[in-house]
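The structure under discussion appears below in the form of structure tokens.
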Amino acid sequence: MAEGAEHDVAGFSAYHNPVMVRECLEGLQLKSDGTYVDVTFGGGGHSQAILQHLSGGRLIAFDQDEDAKREAAKISHRSFTFCQSNFMHLKRYLKLNGVTQVDGILADLGISSHQIDVAERGFSTRWEGPLDMRMDRQNPTTAATILNDYREADLHRIFGMYGEVRNARTLAQLVVQHRAGNPFRNTIDLVNLLKTVAPRGKEFKYYAQVFQALRMEVNREMEALEEFLRQTAEVIRPGGRLVIMSYHSLEDRMVKNFMNTGKPFGELEKDFYGNPLRPFEMITRKPVEAGEEELKVNNRARSARLRIAERL
Ligand SMILES: C[S@@+](CC[C@H](N)C(=O)[O-])C[C@H]1O[C@@H](n2cnc3c(N)ncnc32)[C@H](O)[C@@H]1O
């Protein structure tokens, strides 16, 4: 285990229980002297596991959250470098660290348990907190900005597309009516409003969907993923691996499209002779899901979809 780590033997930590660690490591096909990138450090569960396999190699980790930066500061392994940055700046930060080509990249998308568990971050439907939801606290847009300032049509789009909420139009109308006399300030203001339109018996699922939609908009998660994916083809060397875990169907679709075609929206490019020009070959025909044993101890693993591709 890397010096400074606070994970037990199964890799669990109070910050975040890492999902499908063995499957991710197998997907990366680690070489002890290889250069790897973990673009979603979080509590460092996957990074710690990668570092255990390196001697002479290098691991560069990214996370845009300053809490993750604090966790990363506990690792004193000499092969480890941390960049507090959005992974959409992958290429730029690798270059700043003298790296142009890597042997593998891991992404474990979304937010960590730590981010959900800290009420002041505003990610949790259960605790009262400010309507914040920023991973990067330099970001000027919070969930309150969206609820109080966005046009009704944009709210409708966000709730429908990112939250997959059935009554997105009704909810958008209700938000606009509510905020006229009463701006949204905290998570309880929002949950109280959601109670009035949530499907009976499925209230908590509904709250989670709406919170997820807001979080994805605040952090521009689909834009960041798209930008990141495009850069992976430029930095992974032939034979290198791209390993991505998603928790949302839109993300998984974009990852699948990209691994199959090299384009986030799936339009396959062909050369002059009509041969497909694809930078990656998908290794996992179907997404890998967590096994029964892991599901018993890590609820978060339930919605994880792991895809692996190799750079051609
Ligand atoms: C699911 S957690 C990763 C957990 C980690 N694998 C572990 O074992 O602890 C996702 C992390 O990625 C970070 N993150 C999400 N999107 C990001 C982005 N676009 N750029 C940088 N970090 C991001 C979040 O702040 C969060 O800490």
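The values are calculated or read from the model by the stated rules, or taken from the named source; none is laboratory data. Source: prediction; values computed, not measured. Don't worry about glycine lacking a Cβ; one is built from the backbone with ideal geometry, like all the others, and counts go over all protein chains shown. To get the accessible areas, we keep the full protein, side chains included, count just its heavy atoms, and leave off ligands, DNA and RNA. Shrake-Rupley method; radii C 1.70, N 1.55, O 1.52, S 1.80 Å.
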For region 53-70, name all the residues that are out of contact with any Leu (no Cβ under 9 Å at 6 or more places or on another chain), without any contact (Cβ under 8 Å) to a residue 60 or more places away in the chain and more than 8 Å from the ligand (Cβ to nearest atom).
Ser55, Gly56, Arg58, Ala61, Lys69, Arg70
Given the conditions (1) within 29 Å of Val255 (Cβ to Cβ); (2) part of a helix (DSSP H, G or I); (3) touching a residue at least 24 places away in the same chain (Cβ under 8 Å); (4) touching a helix residue (DSSP H, G or I) at 6+ places or on another chain (Cβ under 7 Å), which single one is not true for Ala172?
(3)
Take the residues in region 33-47 that are outside any loop (DSSP other than H, G, I, E, B) and more than 8 Å from the ligand (Cβ to nearest atom), then tell me which one is surrounded by the fewest Cβ atoms within 10 Å (Cβ to Cβ).
Thr35
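Does Asn86 meet the test of being touching a Phe, Trp or Tyr at 6+ places or on another chain (Cβ under 9 Å), among the polar types (S, T, N, Q) and within 13 Å of the ligand (Cβ to nearest atom)? Spell out how you get there, then give the answer.
Numbers: touching a Phe, Trp or Tyr at 6+ places or on another chain (Cβ under 9 Å): yes; among the polar types (S, T, N, Q): yes; within 13 Å of the ligand (Cβ to nearest atom): yes.
The answer is yes for Asn86.
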Extreme residue, least open to solvent (accessible area, probe 1.4 Å), among residues of region 1-26 that are over 18 Å from the mean Cα position of the chain (by Cα) and modelled with pLDDT of 95 or more:
Glu26
Test for Glu269: is it in contact with a helix residue (DSSP H, G or I) (Cβ under 9 Å, 6 or more places away or on another chain), open to solvent by 60 Å² or more (accessible area, probe 1.4 Å), farther than 22 Å from Ser303 by Cβ and modelled with pLDDT under 95:
yes
Where a residue in region 138-159 is in a helix (DSSP H, G or I) and its partner, wherever it lies, is charged (D, E, K, R) and surrounded by 14 or more Cβ atoms within 10 Å (Cβ to Cβ), with Cβ under 6 Å and at least six apart:
Ile146/Glu217; Asn148/Arg179; His156/Arg169; Ile158/Glu217
